[in-house]
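The values are calculated or read from the model by the stated rules, or taken from the named source; none is laboratory data. All of these numbers come straight from a predicted model, not from anything done at the bench. Here the Cβ positions follow ideal geometry from the backbone for every residue, glycine too, while neighbour counts run over all protein chains shown. For the accessible areas, the whole protein counts, side chains as well, though only heavy atoms, and no ligand, DNA or RNA atoms are used. Shrake-Rupley method; radii C 1.70, N 1.55, O 1.52, S 1.80 Å.
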Amino acid sequence: MLNIVIFGAPGSGKGTQSELTAKKYGLKHVSTGELLRTEIKAGTELGKIADSFISHGNLVPDEIMIEVLEDLIRKNLDQKGFVFDGFPRTLPQGKALDLKLKKNGTDISAVFSLEVDEEELIDRLLKRGKISGRSDDNRQTIESRLDVYHQQTEPVKEYYAQQNKLTYIKGKGSIDDIFKSIEEVIDNLTDG
Ligand code: ATP
Ligand code: MG
């Protein structure tokens, strides 16, 4: 399998680049944020729990997210691979993902960290808030999300750097140019 992680702060463009990557390489796009928003809209038990964390800019607890993720992997083992968008967001999530893939005879192929400066992130999220209707795209929640990112999520980069799987991508610029730098790395992997 070809398994890619698209990593980055809120508003860094993970969703956009994940979609392009999944489409070009025929992979299953797994966005935990989208999945949770679908559950919230449907008013499920998971949705209610998730909403109580998301609307405050907090992460949904690891034990819940890991179960959701394992379930998703289990159901999609016939796919060519995955693009993980918004997962892992903590070190325990990263370790659980590695273990689950290993149990199925595969692993993470590459991790891309979309690097965007804080000012640009806030600007993008505030703009998105005007049209997205997302309960977490307002100034106060954005600040919490960025704090949570730095404290809990950013350390995951080091975890993948130690495995020699991390590539930093300049996340500012045209969508096409950003995707080109991702493609270059993936094409090198698949060429052998
Ligand atoms: P981007 O704009 O780059 O797509 P984002 O941070 O705006 O990123 P999502 O990835 O859609 O948005 O996630 C939205 C929220 O859902 C997060 O702030 C968090 O509360 C919750 N969430 C999503 N994935 C996870 C996860 N793996 N662990 C814990 N909480 C998660
Ligand atoms: Mg997203």
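Residues whose amide H falls under 5 Å from that of residue 81, counting only those 5 or more places apart or on a different chain, are 2, 28, with hydrogens built in the peptide plane.
Around the amide H of residue 110, modelled in the peptide plane, lie the amide H atoms of 3, 5, all under 5 Å away and 5 or more residues distant in sequence or on another chain. Over the chain, what percent of the accessible surface lies on carbon and sulfur atoms, probe 1.4 Å? Within the chain, the accessible surface is 49 percent carbon and sulfur.
Taking a sphere under 12 Å around the Cβ of residue 173 and counting the other residues whose Cβ falls inside, with K and R at +1 and D and E at -1, yields a net charge of -1.
Measuring spread by the Cα atoms of region 61-192 yields a radius of gyration and Dmax of 16.3, 46 Å. For region 62-192, the residue among 135, 125, 148 whose Cα projects farthest onto the positive side of the dipole built from Cβ charges is 135. Counting only protein heavy atoms and a 1.4 Å probe, region 1-137 has 48 square angstrom of accessible area per residue. Note on the chain: with charges restricted to the Cβ of Lys and Arg (+1) and Asp and Glu (-1), its dipole about the Cα centre is near 420 debye.
Which of rounded, prolate or oblate describes region 114-192 when judged by the alpha-carbon gyration tensor and an a/c cut-off of 1.5? Oblate is the answer for region 114-192, as a/c is 1.5 or above yet b/c matches or exceeds a/b. The reciprocal of the average 1/r between distinct C-alpha atoms defines the Kirkwood hydrodynamic radius, which for region 22-106 equals 13.5 Å. Residue 183 sits among other residues whose Cβ lies under 13 Å from its own Cβ, and their net charge, with Lys and Arg +1 and Asp and Glu -1, is -2. The number of Lys pairs in region 6-94 with C-alpha atoms less than 13 Å apart, excluding pairs fewer than 8 positions apart on the same chain, is 4.
Quick check: Cα centre of region 72-104 to Cα centre of region 138-174, how many Å? Computed from Cα coordinates, the inter-centre distance equals 18 Å.
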